[in-house]
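Input: a single structure, listed below in structure tokens.
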Amino acid sequence: MKRPHVLMISEITTDGKLTLGKGVSSKVLMKYMSHEAEVMLHQTRAEYDAIMVGSNTIKIDNSNLTVRLAEGKSPLRVIPNAAADLSPDSNVFNVQNAPTILAVTKKAPEERLILFREKGVSVVFAGEEKIDFPLLMDILVREFGVKSLIIEGGPTLNWFMLHHRLVDEIRLIHMPFIVGGADTPSLVGGEHLGSENDMIKLDLKGTKMAGDNLITEYSVRY
Ligand SMILES: NC(=O)c1ccc[n+]([C@@H]2O[C@H](COP(=O)([O-])OP(=O)(O)OC[C@H]3O[C@@H](n4cnc5c(N)ncnc54)[C@H](OP(=O)(O)O)[C@@H]3O)[C@@H](O)[C@H]2O)c1
């Protein structure tokens, strides 16, 4: 199976959290990101063919995933949502701003798919019950010519992509705050490790500053 080059990018607090609490939009934390880091985020989006976030992030953040603070084209937006139960009125399905793919499985009711197709959203089937991420990557390469993909969370999507060994690089935008909360989303959710051998090892490639935010860049070693 083919797959694009994948970069995971995230803002993250000093205690590894992605938001201020469970169910809270990451847009609250993003308000505190430096302008330079926001511009870098948008420049990165413009450099990539496609961008993917999880369906729960769409529900909570109502993300646009477009390029607004830099020159360049908005990437193809990809939303994995097995049952097609997201609202078709979510910002990301406004294809006037950028094209969007909704990835579903065979369990998605046809009447739901019609609502998305009527809006100009491309619907692709990737799995029987749950989204099959390796298959989705293959479809993106073969049918849409996607060579490079950014994933911007949330933690559940990040976990599935790492679990299937589909991530090449990780870039973190460090926010100098501690928010706490045992159930506050952190960079990677999903399941616990089976043993220490299952730890995913990273190589630090570089660090830089974007305004007052430290940026760290890693490559993933499988
Ligand atoms: N700080 C940041 O940079 C940042 C960025 C993004 C998001 N966030 C925050 O993250 C939170 C949301 O994260 P989240 O972890 O709850 O959700 P999420 O990662 O946004 O969405 C979960 C994704 O996993 C899929 N999924 C769930 N179970 C699956 C399975 N068994 N097999 C295959 N796919 C499966 C879901 O698809 P289905 O629809 O098919 O179930 C969905 O697409 C929000 O609070 C948001 O603000 C923060």
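Data table
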read-out: Fewest-first sequence of 66, 156 by Cβ atoms within 10 Å of each Cβ; value: 156, 66
read-out: Cross-link pairs beyond the 18 Å C-alpha cut-off, checked among 73/205; 119/147; 73/147; 22/130; value: 73/205; 119/147; 22/130
read-out: Low-density loop cleavage sites - trypsin sites (Lys or Arg not before Pro) in the stretch 3-84, where at most 16 other Cβ are within 10 Å (DSSP); value: 22, 31, 68, 73
read-out: The chain: calculated mean residue ellipticity at 222 nm from DSSP helix runs of at least 4, using -39500 (n - 2.57); value: -7000 deg cm²/dmol
read-out: Overall form of the stretch 104-146 per C-alpha gyration tensor (a/c, 1.5; a/b vs b/c); value: oblate
read-out: At q = 0.10, 0.15, 0.19 Å⁻¹, base-10 log of I(q)/I(0) for the stretch 67-221 (Debye sum, equal scatterers on each alpha carbon); value: -0.46, -1.00, -1.37
read-out: The chain, relative contact order [Cα under 8 Å, separation at least 6], %; value: 30
read-out: Table column - 3J(HN,Hα) (Hz), the stretch 214-220, Karplus curve with 6.51, -1.76, 1.60, x for Gly and Pro; value: 6, 10, 10, 10, 10, 9, 8
read-out: Computed magnitude of the charge dipole of the chain (debye, nearest 20; Cβ of K, R +1, Cβ of D, E -1); value: 280
read-out: Three-way shape label, the stretch 36-114, alpha-carbon gyration tensor, a/c 1.5; value: prolate
read-out: Prolate/oblate/rounded call for the stretch 1-60, Cα gyration tensor, a/c under 1.5 rounded; value: oblate
read-out: Farthest toward positive dipole pole in the chain [+1 Lys/Arg, -1 Asp/Glu at C-beta], among 37, 113, 62; value: 113
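Here, each number is a calculation from the coordinates, and none is a lab measurement. This one's a predicted model, so the numbers in the text were calculated from it and none came from an experiment. Backbone-built Cβ (ideal geometry, glycine too); neighbour counts: all protein chains shown.
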